[in-house]
Every structure is written in C-alpha cells, then in structure tokens.
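Asker: After the structure tokens below, expect a handful of questions from me.
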Amino acid sequence: MIVEELISPNSIVVIGGSNDIRKPGGKVLHNIINGNFEGELLVVNPKETEVQGVKSLSSIKGLPKVDLAIFAIPAGMIPETMSELANRGTRAFIVLSAGFSEMGEEGRKLESKLVEIVESVGGTLIGPNCIGVITEKYKGVFAGPIPDFDPQGCDFVSASGATAVFILEEAIERGIKFSSIFSVGNSAQIGIEEVLEYWDLNYKQGISSNVKLIYAEQIEKPRKFLQHCASLRQKGCKIAGIKAGRTSAGQRAVSSHTGALAGEDIVVETLFQKAGIIRCEGRLDLVNVAGILLANSPKSNKVAVVTHAGGPGVMLTDTLEAEGLQVPKIEGPFAEELLKYLHFGSSVSNPIDFLATGTAEQLNIILEYVENKFDCVDSCAVIFGTPGLFDVKPVYDVLYKRIKNSQKPIYAILPSIIQAKEAIDYFKSLGGVYFNDEVAFGKALAKVINSTVKSKGRFFDFDDINVNGIRNLLDNETTGFISLQKTFEILNNLNLKVVDTFYARNEKELEDILDKINFPIVMKVVGPIHKTDVKGVATNINNKEDSHKFFSTLIQIPGSESVAIQPMLSGTELFFGCKYEPGLGHLLAFGLGGIFVEVLKDVQLRLAPITDTEAEEMIEKIRGKKILQGYRNLEPINKNTIVEVLLRISKLTEIAPEIVELDINPAFGSNNEIIIVDARIKIQK
C-alpha cells in the first residue's frame, strides 16, 4: 500500500544529507530544494549544523515527527534509524542506499528487516537501491535530469534507476512532461504492481494522467499487474512498457542485476496483450510511443504525411504502409484547390510535399485542409527541418498552434536537431512534443494505432457443456497425466468432436475391433506420453494382417497399456492447447499441427478467459494462416469453427482449473468440422 505521506508529505528528512551534490545524499537534497518543496525540510548529518542552507541535526533524537524519511547512509545503519522514526510516527520511507538483496543472502535479511519495520506501522517503503520518487509535491531523487511537471503528463514507474534516468534524458529532450516518477529499485515492499494499484485506485477523471509508462525487469505478481492495467485501460488510460530479458542471454543479465529470474518472453507478451499494454523495444521506442499517446487518439489508421523534403516523406510513407497503416491518396476538388496555394512542383496526393521553399503560411493552409477538407485521413505527421538557410521558428509556431487546436492529431517530426536547435527549443518552450526520426516515429505510431482500433469482443457461455460429467471424471483423479480414454471423454463432455477410438489390450480384442472398423486405420500406443519418441504410431494401415503386425510391435513398447485404433482421417492438421502458468493463469494456444508446432513453433497464445475477438486474433496472427483458407488439395476451414473450439477450451479452464496442460495435436479441420484425433491432459491437484 502506498500511503499519502509518500505522495504529498508535509515534512521530509534526508538522513545522510550532504553539501557534496556528487553524493546521493547531497543531490537528493539539492533536487528537493530546487523543486521548491513547500513543507518542512530537515537533514541528519552528525558532521554538519547546516547543509545546503537546511538545518542539520547530529542525530534523529532531536527530530520532530516527519512524514517522509529519505535514507542515503550505509545499508547496515538503516534498520535502527528507521525503527526509531517509525516509532515516532513516520510512515513513508525511501531508501536510496544499495547493499541489500542484490548483494546476496545477508542483504536479503537486512532488506526483510526494513519491510518488517515499515509494515509494523502500516507504512510504505520505496527501494532500497533506487533513485527515489518525484511527485507534484517534491523531487525526491538523487539523479537527474528533473522533468517539468504536468498533471496531464506521463506517470512513469521503473525497476531500474539508471534506465529511468536514460529514458528521462530522451523524453525531456523531446518535450515530454511528467506527472509522477517512481523508481522502485529492489521492490522490497512496493513494486511496479503496487504503483499501478495506486494509480488505479486514485485515478480521477480529467485530473489524473492518462498515460502510464513502465520499465520492468520482472513481473512478480502478474495477476495483480493485469488487474490494475486492465482497470486503468477501462478508465481511459493508455499504457506503454518495456519488459527487459526477451532472450535467454538478456534474462541472464536481468537475473544477475536484480537477483530474480526473468520469465519466458512469450508469457510476458501474452500478459501485455491481455493488459492492453503497448510493448516497446527500448528507450527510444518507449519515448516515441509516449509522445504519440500524449496527443489525441486517431479515429482510424489513415494518415496524412506532410513534408518539405521528399526523402523523409517517402521513408515515412513506406514505414506506415509496411506496418499496416494507410497513407490514402488525396484527390478531388479540395486537393486541386489546395495545390493553387503551393509553389509550382508541389504535390498534394499524399505525401503532401510542399517543397524546401514551403512557408509557414502554406503549412497553415495545408493543415487547415487536412483538418476540415480531407475526410480520407484522421491524423497527420508533419516533417519539417532546415538546411540552415532561414529561421524556421514561424513554421514551428504555426505547427504548435495547429497541434493545440486540431481535432485530428498532428505529430511534429523535426529532424534538424543541430541546425534548428534554437527553433526546436522554442517549440518545446511552447509545450510542444516532437520526434526526430520519421521511420522510428512511423513504427511507434503503428504500435499505438494497432493497439487501439481493436474491438474487445465478447465472452461466451455454452449451455451444451456437461459440466457435471467433466467434474465427475476429474474429481477422483490424482496429479499427473490422465488416460487417453478419459481425456477424450472430457473433450466429448465439452462438446468437441473426437474421432471414434477403440482400445485393444490383446489380439482377440483387436480382432473384434477390426471386424467393425473400416480401413485405412491408425494405431497408437496408449501409456507413453510422447508416442512419436518411442515409435508408437502407425498410420495408413490397410488390412488385418498389417494390423496384427503393428499391434504386436506397439503393445511391447515399455509402458504400453493398450493400443488405440482409429479410422485414418485427412484434412489440415491443427493444434490447440493450454498451459497453466503459476500466478498468471491458463495460457491458451493455437496453431497449425505437425511440423508447424514442433519445428516452426507457429503458435499464438492468449491468457484465458478469451473473447471471440481474441480467438480471431490468434487465428489471424499465425504465419501459416493462408493454409487455413485452403491450399492445394486441402479444403478451407471455417474460421468460426476454430473460434468455437478455442472458446470451449477457454471455458474448460474455468470448469477444471486443475488442468495444467492440455495438448490437442493433431485435430483435423475441413469445411465446418474439426475432429480431434489425439490429446493429452495433465492435472495438478
């Protein structure tokens, strides 16, 4: 829980405050003073009576009750001091000092002691091993730079102090302002999830920031993370984030830095999708996305590109189209009318190129037409730099005013960061946010638009599922894989179609089965989990003689309990599944079966429960989706049929949460029918 004393303290003490602003205790005090903190500010430093003009006490014994204590002293000295302050009524603590869990077992014990002290008084601990906190009330960080405050700026939480600094460096340069910043460090008590919770529970429409930024190295409480991100999204917030540790090498780096393992990237990707978070690749990507999110939201993916330089306009257009956005052709009477206001050689077909000699007046007219005449576009990107021959301030003045007053979002791409530095600084002083690279901007815009235009879809209930039948089959089972026969019974009760399957334990039972089944057939060993690994599958068997021969081989495989006999089916092989991730829930999987799963790993995942829209996205995003539409002699599969199977499996995770693994591979699909031919279920009681 984050207490109000952390957000809006009336009194702050810096334990270890220093006159040397090269030290954390000196720099944090300097930033609080320069940030015009209006409450009571005190320092504890046994060697000084005054530090940076602030009264300094030799020990905490003479301190009055304070709301917030910031520690910049060696780790081993903190517990005793913190305990004394807590006993006096302090409930908010920021520990800048390192030397805790990131250092090993002894550090972990020390860190646990801090949490115990803080929680004994219902308080809040930020850190340890962090750079601090910035709110409207105070700038409690020991690192720079300090961004301008804006209640409608970005809220930002970071697991890494250094990374937060580097992100702020870039964001401030682009004109981005902030409402609050939390560096959670080791997250001993308060982590990213708790900050999200605070933003969610204290959100006020029209007052709170609608843009939230996250830098994460681990997500300890994924369900809490999901809950509050989803809630913030429902309130109108837009969230962008970085999760470091995408690769195994990256995960090792994160682990060594934080002392905690990073999760598998595909799980994080699924979590971000479910939470509605725009996932960014790095610092620059996050800053570009943040700048876009601070503007009005586009109504569609149709973009006007306005440029005075052909090359950047073409590169931006190429990027937008490659990322799935549209740069529609502008034509007709209004286009012809606009052209008359521009220099000879200009083009208005989109990109709108008004040449290197284009003026501020011409840009103003162009943006007027984009706003009020050109209905085929819903946002506009303006590229305007300079070769250094004339002052572009008048252009940027027009651009800012149009950005401020236009209903369609306008994005300023100002590439001349050296030759137009003074003009860019002027643009920022007005309150403008700019981008300096058209390709990076285009990719960021695509992420934002593609994340916001989707329908949430609907959850479905099915009245033809035999819930009692499923529960009866599972209630008496123990942990582990259940039999193929029971697996098929569960899927039948789910009202999924399963191929007719017969089981033979001996030659006589086999002969009885062969008398009532049509060839060709498939025979599979029952017992071993990985049938292919033990050569436990025989296909396209066309007569009794071969059937007995294969049966004799299969029944002798170690672990064999019986042999399953099925008619040989054809169609497109499909894969369905789900896997339980502790702390997160069930991940649903879909892809093409066979080699596409085993080798190419062409699978989409979503977190259950899913909507029909999410199921459709899973189908649309597999690389082999064209095969589903019919390929060579394979019939197309009705997409709605696949959607229904996914929705029923999603429902199964609610009916039987003890299922930790479900693999359906393969199921054969053709036309409006999907038939399951093999499956396995593992449960955890």
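The values are calculated or read from the model by the stated rules, or taken from the named source; none is laboratory data. Everything quoted here is computed from the prediction, not taken from an experiment. With ideal geometry, Cβ positions are generated from the backbone for all residues, glycine too; neighbour counts draw on all protein chains shown.
Asker: In the stretch 200-231, which residue that is hydrophobic (A, V, I, L, M, F, W, C) and under 17 Å from Leu286 (Cβ atoms) is farthest from the chain's Cα centre (by Cα)? If you could, list the steps in order and put the result at the bottom.
Answerer: To start, the set of residues in the stretch 200-231 that are hydrophobic (A, V, I, L, M, F, W, C) comprises 201, 207, 211, 213-214, 216, 219, 225-226, 229-230.
Within this subset, residues satisfying the condition of being under 17 Å from Leu286 (Cβ atoms) are 211, 213-214, 216, 219, 229.
Working: Val211: 14, Leu213: 10, Ile214: 9, Ala216: 10, Ile219: 11, Cys229: 10 Å.
Looking at the filtered set, the residue picked out is Val211.
Asker: One residue is enough: does the stretch 347-355 have a residue meeting the conditions in contact with an Asp or Glu (Cβ under 6 Å, 6 or more places away or on another chain), crowded, with 17+ Cβ neighbours inside 10 Å, more than 29 Å from Ser451 (Cα to Cα) and polar (S, T, N, Q)?
Answerer: yes
Asker: Any idea how many residues of the stretch 115-127 are touching a residue at least 12 places away in the same chain (Cβ under 8 Å) and farther than 21 Å from Leu42 by Cβ?
Answerer: Start the filter on the stretch 115-127 by keeping residues that are touching a residue at least 12 places away in the same chain (Cβ under 8 Å), which leaves 115, 117-127.
Pick out the ones that are also farther than 21 Å from Leu42 by Cβ and you get 115, 119-120, 122.
Result for the stretch 115-127: 4.
Asker: Additional query: Being polar (S, T, N, Q), surrounded by 13 or more Cβ atoms within 10 Å (Cβ to Cβ) and over 18 Å from Ala679 (Cα atoms) narrows it down to one of Ser547, Ser552, Ser560, so name that one. Please lay out each step first, then the result.
Answerer: Working: Ser552 fails: surrounded by 13 or more Cβ atoms within 10 Å (Cβ to Cβ); Ser560 fails: over 18 Å from Ala679 (Cα atoms).
Exactly one of Ser547, Ser552, Ser560 is polar (S, T, N, Q), surrounded by 13 or more Cβ atoms within 10 Å (Cβ to Cβ) and over 18 Å from Ala679 (Cα atoms), namely Ser547.
Asker: Now, a different point. Can you name the residue in the stretch 402-447 that is among the small types (Gly, Ala, Ser) and farther than 12 Å from Leu316 by Cα and, of all such residues, is surrounded by the fewest Cβ atoms within 10 Å (Cβ to Cβ)?
Answerer: Within the stretch 402-447, the first condition is being among the small types (Gly, Ala, Ser), and the residues that meet it are 406, 412, 416, 420, 423, 429, 431-432, 440, 442, 444, 446.
Now drop any that are not farther than 12 Å from Leu316 by Cα, which leaves 406, 412, 416, 420, 423, 429, 431-432.
Working: Ser406: 18, Ala412: 26, Ser416: 16, Ala420: 23, Ala423: 21, Ser429: 10, Gly431: 13, Gly432: 20.
If we take residues in the stretch 402-447 being among the small types (Gly, Ala, Ser) and farther than 12 Å from Leu316 by Cα, then Ser429 is surrounded by the fewest Cβ atoms within 10 Å (Cβ to Cβ).
Asker: So which of Asn466, Asn472 ends up being farther than 19 Å from Ile649 by Cβ and at pLDDT 95 or above?
Answerer: Working: Asn466 fails: farther than 19 Å from Ile649 by Cβ.
Within the list Asn466, Asn472, the selection yields Asn472.
Asker: Hey, another quick one. Return the pairs, sorted by first residue and then second, in which the second residue is β-branched (Val, Ile, Thr) and part of a helix (DSSP H, G or I), the first residue lies in the stretch 419-446 and is in contact (Cβ under 8 Å) with a residue 60 or more places away in the chain and over 14 Å from Val392 (Cα atoms), the beta carbons are less than 7 Å apart, and the residues are 6+ apart or on different chains.
Answerer: That search, which allows pairs on different chains as well, returns Gly432/Ile403; Tyr434/Ile424; Val439/Thr319; Gly442/Thr319; Lys443/Thr319; Ala444/Val289; Ala444/Ile292; Leu445/Ile292.
Asker: Moving to a separate point now. Being modelled with pLDDT of 95 or more, of a type in the set (Gly, Ala, Ser), within 19 Å of Arg91 (Cβ to Cβ) and not assigned by TED's automatic domain parsing to the domain that holds Ala98 narrows it down to one residue among Gly127, Gly123, Gly140; which is it?
Answerer: Details: Gly127 fails: not assigned by TED's automatic domain parsing to the domain that holds Ala98; Gly123 fails: not assigned by TED's automatic domain parsing to the domain that holds Ala98.
Every option except Gly140 fails the conditions.
Asker: Has the stretch 118-125 got at least one residue that is among the aliphatic types (A, V, I, L, M), on the phi < 0 side of the Ramachandran plot and in a loop (DSSP other than H, G, I, E, B)? If you could, list the steps in order and put the result at the bottom.
Answerer: Here is the first cut: in the stretch 118-125, the residues among the aliphatic types (A, V, I, L, M) are 118, 121, 125.
Next cut, on the phi < 0 side of the Ramachandran plot only: 118, 121, 125.
Okay, now just the ones that are also in a loop (DSSP other than H, G, I, E, B), so 121.
Yes, that holds for at least one residue.
Asker: When you go through (1) hydrophobic (A, V, I, L, M, F, W, C); (2) closer than 30 Å to Asn640 by Cβ; (3) touching a Gly at 6+ places or on another chain (Cβ under 7 Å) one by one for Ile403, which number turns out not to apply?
Answerer: Here Ile403 meets the rest and fails (2).
Asker: While we're looking at this one, here's another question. Can you give me the number of residues within the stretch 586-616 that are assigned to a strand (DSSP E or B), of a type in the set (Gly, Ala, Ser) and closer than 23 Å to Ile277 by Cβ? Show your work before the answer.
Answerer: At the first step, the residues of the stretch 586-616 found to be assigned to a strand (DSSP E or B) are 586-592, 603-607.
From what is left, the residues that are of a type in the set (Gly, Ala, Ser) are 589, 591.
Now restrict to residues that are closer than 23 Å to Ile277 by Cβ: 589.
Counting residues in the stretch 586-616 that are assigned to a strand (DSSP E or B), of a type in the set (Gly, Ala, Ser) and closer than 23 Å to Ile277 by Cβ gives 1.
Asker: Can you name the strands (runs of 3 or more DSSP E) wholly within the stretch 617-685 that have at least 2 residues being charged (D, E, K, R)? Steps first, answer last, please.
Answerer: On the way: elements: 659-670, 673-676, 679-683.
Here the list reads 659-670, 679-683.
Asker: How many residues does the stretch 129-162 hold that are assigned to a helix (DSSP H, G or I) and either of a type in the set (Phe, Trp, Tyr) or surrounded by fewer than 18 Cβ atoms within 10 Å (Cβ to Cβ) (or both)? First the steps, then the outcome.
Answerer: Keep residues of the stretch 129-162 that are assigned to a helix (DSSP H, G or I), which gives 161-162.
Imposing the further condition that a residue be either of a type in the set (Phe, Trp, Tyr) or surrounded by fewer than 18 Cβ atoms within 10 Å (Cβ to Cβ) (or both) reduces the set to 162.
Matching residues across the stretch 129-162 total 1.
Asker: List pairs: first residue in the stretch 76-97 and touching a residue at least 24 places away in the same chain (Cβ under 8 Å) and assigned to a helix (DSSP H, G or I), second residue surrounded by fewer than 15 Cβ atoms within 10 Å (Cβ to Cβ) and of a type in the set (Ser, Thr, Tyr) anywhere in the structure, Cβ distance under 8 angstrom, at least six positions apart or on different chains.
Answerer: So the pair list comes out as Ala86/Ser120.
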